[in-house]
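First up is the structure itself, then whatever we jot down about it.
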Amino acid sequence: MSAYSEQKKYNESGNVLFIILIAIVLIGALTAAVQQSNNSESSNIDNETLAIRASEVQSYASELERAVRFVLENGVSEIDIRFAHASAHADYGDIDDSVDGRQYVMQVFHPDGGAATYRNVPSGITTSASAWEFTGASHMPGVGTAARSDLIAVLPNVTAAFCEKINELNNQTATPAATSCPYTDAGRFDSGTNFDDDVDESSTTIPPVMTEATFSTQPALQACVVCGGNNYFYHVIMAR
């Protein structure tokens with residue numbers, strides 16, 4: 001074989017090796033781009049799902065607010081509003097209780113009362129098993145009268161991400177920190193524990209209020225606060 005042929009064969013081998021190396025580099029770059037795209041897409045899906053969940057919670061909170069209004073329109077006193085349901089905690093009482101012999105009219109979750117549907121908490125927005133809770137033991141900043149506690153629906157143990165999203169939707173620039181939590185198990189709204197003030201308005205004692213929390217927007221009819229290391233979403237379903 002001539003020296004020219006050997007040199008040509010060497011050059012061709014070098015070119016093939018160079019092309020292979022270029023191909024490997026291109027494949028690596030393409031793989032990285034695909035992975036980055038997939039990660040970005042997953043993040044967008046998560047954000048979209050979070051926004052959907054926040055919208056679901058807001059919609060349901062509005063449904064509960066309307067249901068309470070329907071109960072009051074039935075002639076039921078505010079202290080006789082009831083949140084009994086087979087899936088709710090027993091503290092909320094018996095759905096077969098009656099007011100003045102009229103059964104069910106005071107029940108938020110009965111067709112003859114508020115006609116609200118009892119719904120489970122949307123998946124992925126709480127850090128532990130949670131259910132909707134109802135309490136009249138807190139006064140919300142800028143809502144109603146300072147000496148009166150409000151009736152609120154609460155979701156305990158929501159995630160920090162959900163807190164940020166719901167506060168963003170309510171023009172709260174941050175998650176307020178509160179020392180008086182908007183809800184405790186002992187404050188479930190029932191016949192023995194309803195509003196944390198005198199119903200005849202003779203009380204001069206202001207009920208627990210989250211005045212120590214900084215709300216960038218008031219009245220704070222709906223927000224998420226952090227208290228005792230947990231996040232709580234609340235919605236005022238009746239201001240007083």
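The three principal axes of the Cα atoms in the stretch 79-135 give end-to-end lengths of 42, 20, 18 Å, sorted in falling order.
If you stretched the chain out fully between Y118 and A174, how much longer would it get, using 0.36 nm times the residue separation minus the C-alpha to C-alpha distance?
The span from Y118 to A174 would gain 17.1 nm if fully extended.
Were the residues from F70 through I19 laid out at 0.36 nm apart, the gain over their Cα-Cα distance would be 10.8 nm. The simple spin-label model puts a point 7 Å past each Cα toward its Cβ; for D96 and T217 those points are separated by 4.5 nm. Label positions at S191 and N157, each projected 7 Å from the Cα along the C-beta direction, are separated by 2.9 nm.
For the stretch 117-187, what does the alpha-carbon gyration tensor say about shape, rounded, prolate or oblate, given a ≥ b ≥ c as the root eigenvalues, a/c under 1.5 as rounded, and a/b over b/c as prolate?
Oblate, because a/c is 1.5 or more while a/b does not exceed b/c.
Just so you know, all these numbers are worked out from the coordinates, no wet-lab data involved. Source: prediction; values computed, not measured. Positions of Cβ are backbone-derived with ideal geometry, glycine not excepted, and every protein chain shown enters the neighbour counts.
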